[in-house]
């Protein structure tokens, strides 16, 4: 077996594909996010690595809240659009039906099987990206994606992403 | 569509399944890790959320290095064993063929299609878990898992995990 050294810029296999929601003024905005993981059991914390140049980076800092939405595979075109186009140039607020839970500034996507509301717990700053550590405040799932009261990944049929080829 | 509030302890869908390697004295040790993501583009940083009570937590602090190995689905039994059994009670050093790259204390699993060597960049401490932020020093992949010189997820056939049901 021959192991090749691929250098240091290799990605995780696979990454989840999520839509991170924020508020820009009165409108909702969404970015595609793959750099996401749970990081602490109790309190329930997750962390999202977001490039400092992204509009969303500033919006989270402003609102101190955000949402994480898990799209199913049939939403691939809209997810891809959210990943390619910045809210600075296009209004993405009408792409999805939006609802709110406990937080006023964490827009939840109705079309996504599973959504979480998060409050910023801390921000860990790095060279090109910032790690937004969020406390999960509540999670919402459509009844039809549950099995025994828990989200069922087979029913959710989530998107996966690989980089650097950006293949779903 | 009826959205149910599932509370705040909901997990990511899906999570990768990886084996984190450390050295315990002269022996290699491995834990199963699902809480992992890239967090910074340049330098290439990843982050792993590890419970403070785990043996691995102390071993990473001691060595300041670790490896991340991506097993293919056929390694599921050994991966599960690594996730269930602590290196405090069982010697896991003989489970896999181990090799080393640039770092002396980041054991790479030969059977895994893709492995990364990491040096600790920083440790972010939380209530129940610590986030080990590692700089990727090098990545190794068997030739047969590459397409156009890049890891091919279809060839790697990685394991995925959902929690809290712990279903692969």
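Listing for the model above:
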quantity	calculated
Identity of the residue in region B:13-35, without any contact (Cβ under 8 Å) to a residue 60 or more places away in the chain and buried (at least 24 other Cβ atoms within 10 Å of the Cβ), that ends up nearest to residue A:43 (Cα to Cα)	B:33
Selected residue (criterion: surrounded by the most Cβ atoms within 10 Å (Cβ to Cβ)) from residues of region B:116-126 that are within 7 Å of another protein chain (Cβ to nearest Cβ) and in a strand (DSSP E or B)	B:116
Every residue from region A:105-114 that is in contact (Cβ under 8 Å) with a residue 60 or more places away in the chain and part of a strand (DSSP E or B)	A:108, A:109
Single unsatisfied condition, residue B:42 versus (1) over 30 Å from residue A:53 (Cβ atoms); (2) facing chain A (nearest Cβ under 9 Å); (3) in a loop (DSSP other than H, G, I, E, B)	(1)
In region A:127-158, residue surrounded by the most Cβ atoms within 10 Å (Cβ to Cβ) [restricted to those that are closer than 21 Å to residue B:46 by Cα and either more than 7 Å from chain B (Cβ to nearest Cβ) or free of Cβ contacts under 8 Å to residues at least 60 places away in the same chain (or both)]	A:134
Sole residue being at pLDDT 95 or above and closer than 18 Å to residue A:153 by Cα, chosen from A:69, A:97	A:69
Matching residues in region A:45-74 - criterion: being within 14 Å of another protein chain (Cβ to nearest Cβ) and part of a helix (DSSP H, G or I)	A:57, A:73
Whichever residue in region A:89-115 is closer than 23 Å to residue B:14 by Cα and within 12 Å of chain B (Cβ to nearest Cβ) and, among such residues, is surrounded by the fewest Cβ atoms within 10 Å (Cβ to Cβ)	A:110
Hits in region A:30-39 (condition: outside any loop (DSSP other than H, G, I, E, B) and over 19 Å from residue B:132 (Cβ atoms))	A:30, A:31, A:32, A:33
Whichever residue in region A:139-153 is part of a helix (DSSP H, G or I) and within 20 Å of the chain's Cα centre (by Cα) and, among such residues, is nearest to residue B:167 (Cα to Cα)	A:153
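The values are calculated or read from the model by the stated rules, or taken from the named source; none is laboratory data. In this text the structure is predicted, and so the values were computed from the model without any measurement. Here Cβ is always computed from backbone atoms with ideal geometry, including for glycine, and neighbour counts include all displayed protein chains.
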